[in-house]
Every structure is written in C-alpha cells, then in structure tokens.
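Quick notes on the structure that follows.
The values are calculated or read from the model by the stated rules, or taken from the named source; none is laboratory data. The model shown is predicted, which means the values in this text are computed figures rather than measured ones. Note: ideal-geometry Cβ built from the backbone for every residue, glycine included; neighbour counts use all protein chains shown.
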Amino acid sequence: MQVLVRDNNVDQALRALKKKLQREGVFREMKLRDHYEKPSEKRAREKAEAVRRARKLARKKMQREGLLPMKPRPVAAGR
C-alpha cells in the first residue's frame with residue numbers, strides 16, 4: 001500500500017493511509033486476531049455478518065424499487 005506525501009504534509013498522508021487501511025479491513029482483522037476465537041464463535045460471527053449483509057442488500061433493493069423511503073442525504077455546509 002502506498003500513500004504520497006505532498007508538500008511535506010504528513011498529517012494529510014497519515015489520514016489517507018488510515019482511510020485506506022479502514023476500507024481494506026486491516027484494523028478489523030487486527031482486532032479479530034488479537035485474541036483466540038473458538039471455531040464455534042467464528043462460525044456464529046461469520047453467520048451473523050452474512051445475515052447483516054443480506055438484510056442490508058435486501059433493504060437497498062427495496063429502496064431502489066420504491067418500497068421503502070430513501071435515507072435523506074446530509075447536506076454539507078460550506079460547499
């Protein structure tokens with residue numbers, strides 16, 4: 001993974017790196033590997049994650065079809 005530092009602005013590059021790592025799921029993976037997880041707990045966690053993903057996809061599909069109201073988009077001040 002690579003992040004460019006422009007104009008010696010390390011803080012901005014660090015923010016970009018953290019955002020990339022977050023998107024890739026590195027922090028989540030580190031947290032999971034911090035302690036041993038029993039196989040039964042792992043199966044239960046993965047099943048719960050799959051259920052959450054399926055519900056989210058179904059909710060988005062219903063919103064696209066007009067069966068559920070869309071979430072209002074936040075209006076950014078100053079743009």
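Worth a mention:
- Unmet criterion (only one of (1) on the phi < 0 side of the Ramachandran plot; (2) surrounded by 10 or more Cβ atoms within 10 Å (Cβ to Cβ)) for ARG73: (2)
- For the range 58-79, filtering for residues that are outside any loop (DSSP other than H, G, I, E, B) and of a type in the set (A, V, I, L, M) leaves 2.
- Residue within the range 26-38 that is among the aromatic types (Phe, Trp, Tyr) and either closer than 23 Å to LYS71 by Cβ or out of contact with any helix residue (DSSP H, G or I) (no Cβ under 7 Å at 6 or more places or on another chain) (or both) present: yes
- If you go through the range 32-57 and pick out every residue that is part of a loop (DSSP other than H, G, I, E, B) and exposed (fewer than 10 other Cβ atoms within 10 Å of the Cβ), you end up with 4.
- Pairs, first farther than 11 Å from MET1 by Cβ and without any contact (Cβ under 8 Å) to a residue 24 or more places away in the chain in the range 11-38, second surrounded by 11 or more Cβ atoms within 10 Å (Cβ to Cβ) and not β-branched (Val, Ile, Thr), C-beta under 7 Å, six or more apart: PHE27/LEU21
- Among residues of the range 43-59, those that are out of contact with any Leu (no Cβ under 9 Å at 6 or more places or on another chain) and either charged (D, E, K, R) or assigned by TED's automatic domain parsing to the domain that holds LEU17 (or both), counted: 8
- Options ARG43, ARG73, ARG33, ARG52: the member that is basic (Lys, Arg) and under 15 Å from the mean Cα position of the chain (by Cα): ARG52
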